[in-house]
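The values are calculated or read from the model by the stated rules, or taken from the named source; none is laboratory data. The shown structure was predicted, so the numbers you read here are calculated from the model rather than taken from an experiment. Backbone-built Cβ (ideal geometry, glycine too); neighbour counts: all protein chains shown.
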């Protein structure tokens, strides 16, 4: 269960990496040494002292680390005084969402406590963080896991109850070494960082919220994410253990008549779903999910979306399958109304279609009940179907959030 989110600071909360790199370049230039900005970017995620000690060795600088730090710090303070701090857009919105949903928060940064505190106070976020942890207080800086293990310990949670947000290669390596899932933030100002071993990559925070963070966390541990909960149903990702129940539902002849794409071989379906979890759930963020009875936990069907091509156009198609014994109770309508709302408001999908056999009167009635409009007849895979459609604009006019 996700209990805590640990933020790196530089490059994640504050866009400070270019400032820090320029400070290093200018500090060494004032001493008569020429270093490149790319060289300095190589230390992103590590502590300042580690960077300066490495520079002293690489350039045979005749100063101690403490003396070089004073020159660097003076240069950096001048840049901060003249330029100020630049917040990463929408991170405060995420912090507030997590905090108000009961998630513990920490900043774990290679910067000093004084620097971390200054940024947190400047952005007005100090009160939302349980702990501020500096890399200067641990034996080994990133890419060692020490700082993240210390942050988890001080938050009072286990490492497998956390997720980390990082922008650097060193930070991602540290998170992985700590056994904590990590979201990699691709910050163009953080230099060329290899974040490929992160659980998920993002390019901004404008659409990132607690639900998104929790889904990445669950996927990192191969656990199913809950999509939406209605009055009577829980709609969530299917696991391998659910496939036999799906297979059993499919055995009904009335269902087989309209859903021809399920194999008659259970083992084959299980193998297909292994790939589906990784390539669809984890990659697209949508797919076909299980419909579960809220009270009993029984799997009674599945619904959701898949990518399709109709008349040469790429579309997102809505579909469902419901246990024959559950027909006539409104479960199909209830589940489809819920996933439509999720698609338009959470996934920001523009248009959704449904392809229905013209003899499937129940599905035609359900499509019309959820607001879909019949567009035309089409031929798909050599068979005639009816094409139903609904777009986000029309849906939101009749279904405000």
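If the condition is being surrounded by fewer than 19 Cβ atoms within 10 Å (Cβ to Cβ), over 23 Å from residue 197 (Cα atoms) and in contact (Cβ under 8 Å) with a residue 12 or more places away in the chain, then segment 137-156 contributes 137, 154, 156. On inspection, residue 308 fails the criterion of being crowded, with 18+ Cβ neighbours inside 10 Å, assigned by TED's automatic domain parsing to the domain that holds residue 374 and out of contact with any helix residue (DSSP H, G or I) (no Cβ under 9 Å at 6 or more places or on another chain). For segment 182-193, residues that are part of a loop (DSSP other than H, G, I, E, B) and at pLDDT 95 or above total 1. Checked against the criteria, residue 317 does not count as closer than 23 Å to residue 351 by Cβ, in contact (Cβ under 8 Å) with a residue 60 or more places away in the chain and surrounded by 13 or more Cβ atoms within 10 Å (Cβ to Cβ).
Considering segment 210-293, the qualifying helices (runs of 4 or more DSSP H), each wholly inside and each with 1 or more residues that are over 22 Å from the mean Cα position of the chain (by Cα), surrounded by fewer than 18 Cβ atoms within 10 Å (Cβ to Cβ) and at pLDDT 85 or above, run over 243-250. Residues considered: 326, 302. Of these, the only one that is buried (at least 16 other Cβ atoms within 10 Å of the Cβ), in contact with a helix residue (DSSP H, G or I) (Cβ under 9 Å, 6 or more places away or on another chain) and over 29 Å from residue 211 (Cα atoms) is 326. Within segment 16-45, being surrounded by fewer than 20 Cβ atoms within 10 Å (Cβ to Cβ), in contact (Cβ under 8 Å) with a residue 60 or more places away in the chain and assigned to a loop (DSSP other than H, G, I, E, B) holds for one residue alone: 42.
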